[in-house]
Amino acid sequence: ETYTVAILGATGAVGTELLELLQERRFPIKSLKLLASARSAGKHLSFRGQPVTVEALSQSALEDVDIVLASAGASVSREWAEVAIAAGAVVIDNSSAFRMDSDVPLIVPEVNPEVAANHRGLIANPNCTTILMSLALWPLHQVQPIRRVVVATYQSASGAGARAMAEVKEQAAAMLADQPPPTEIFPYPLAFNLFPHNSPLTEQGYCQEEMKMVNETRKIFNQPDLRVTATCIRVPVLRAHSEAVNLEFDTPFEPERARSILAQAPGVKLLEDWQANYFPMPFEASGQDDVLVGRIRQDLSHPCGLELWLSGDQIRKGAALNAVQIAELLVAKRWLATAVAA
Ligand code: 2RA
């Protein structure tokens, strides 16, 4: 069976990766629609060697679509997801618009695939930092429940979009030429600098990006009492996020045991060479499907603590690959028909 698929936000960093992955993974496509803002309409992209013209998003463009992969921002998803669902599509939304809605499954296929069966036409893709962290934490949590997570993130420019990736390069060039760095996308220079993620702050002093990790991890793990705290930092890296994670369990978790579990974990590549002092780096994580995990060690400050480090491609597994894997899951399990429609 083949499907009509629409990519919403086809010309963005994630949209471009979605197109690449649908080809690379030979997703069973009958026809492909590339939808974007009127500004991008008319551009020609290529799919399976054939040119595909980008169309402006419209009600008619969403007719007769089986699956919408949406990555055009929360406001576009809020405006158009229901339209697509009413026209019969299942929407896999990469934006933050619906992630915490109780009737919207929030899915990492390696963690909670079964929850996707309950969708009512809309499935949310978690935030990139949450996806990457959950791949490393879930296999450990299955063996010994995690009680507390303390995470510091080192987030690439790609999380702010394709133009942000271009700007950090322009900033570096400007600064090397002793010129003022452009700051149109980022509020401050990111090249040779770093700053706390500049998403809006909540009254508790956490930014929205940090609260996404707290709330989404609890939902995906189905553990509302899981204690999570996060500090999210934007760093001058192009397209892979890294995260320093401290875990607390009820009883000690041997690093060797964690290492052997993660060596078999789906979507994870254990990468550590202690003799060579060689561990995951965003430079190597970029372009890979797997999240690189390493530097697993006993927390010296707590007998039931464990430390680990990870790097993962923000555009790929952090967004586009996870969304395509959700689509593959729905097709494989024949879960495309919504509970509502059935
Ligand atoms: C960021 N995770 O990195 C957010 C949005 N992709 O800025």
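Computed quantities for the displayed model
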item	result
The stretch 92-144: number of residues that are surrounded by fewer than 19 Cβ atoms within 10 Å (Cβ to Cβ) and either among the small types (Gly, Ala, Ser) or over 27 Å from residue 296 (Cα atoms) (or both)	9
Test: residue in the stretch 161-171 that is at pLDDT 95 or above and part of a strand (DSSP E or B)	no
Subset of the stretch 18-35 that is assigned to a loop (DSSP other than H, G, I, E, B) and of a type outside the set (Phe, Trp, Tyr) - its residue that is surrounded by the fewest Cβ atoms within 10 Å (Cβ to Cβ)	26
Number of the condition not met by residue 134 [criteria: (1) within 16 Å of the ligand (Cβ to nearest atom); (2) not in a helix (DSSP H, G or I)]	(2)
Scan of the stretch 224-263 for residues that are buried (at least 18 other Cβ atoms within 10 Å of the Cβ), closer than 13 Å to residue 306 by Cβ and either under 20 Å from the mean Cα position of the chain (by Cα) or not β-branched (Val, Ile, Thr) (or both), ordered by number	245, 247, 249, 253, 258, 262
Any hit, the stretch 196-209, residues being of a type in the set (Gly, Ala, Ser), over 30 Å from residue 105 (Cβ atoms) and surrounded by 11 or more Cβ atoms within 10 Å (Cβ to Cβ)	no
Hits in the stretch 170-192 - residues which are surrounded by 15 or more Cβ atoms within 10 Å (Cβ to Cβ) and away from the ligand (no atom under 16 Å from the Cβ)	170, 171, 172, 174, 175, 181, 182, 189, 191
Residue among 152, 81, 116 that is within 15 Å of the ligand (Cβ to nearest atom) and either in contact (Cβ under 8 Å) with a residue 24 or more places away in the chain or not in a helix (DSSP H, G or I) (or both)	152
Selection count where residues are without any contact (Cβ under 8 Å) to a residue 60 or more places away in the chain, within 25 Å of the chain's Cα centre (by Cα) and within 17 Å of residue 30 (Cβ to Cβ), scope the stretch 56-71	1
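Conditions tested, residue by residue: (1) touching a Lys or Arg at 6+ places or on another chain (Cβ under 6 Å); (2) modelled with pLDDT of 95 or more.
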| residue | (1), (2) |
| --- | --- |
| 19 | no, yes |
| 25 | no, yes |
| 31 | no, yes |
| 38 | no, no |
| 54 | yes, yes |
| 68 | no, yes |
| 81 | no, yes |
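The values are calculated or read from the model by the stated rules, or taken from the named source; none is laboratory data. This structure is a prediction, so every number in the text was calculated from the model and none was measured. When we count neighbours, we look across all protein chains shown, and the Cβ atoms used for this are built from the backbone with ideal geometry, even at glycine.
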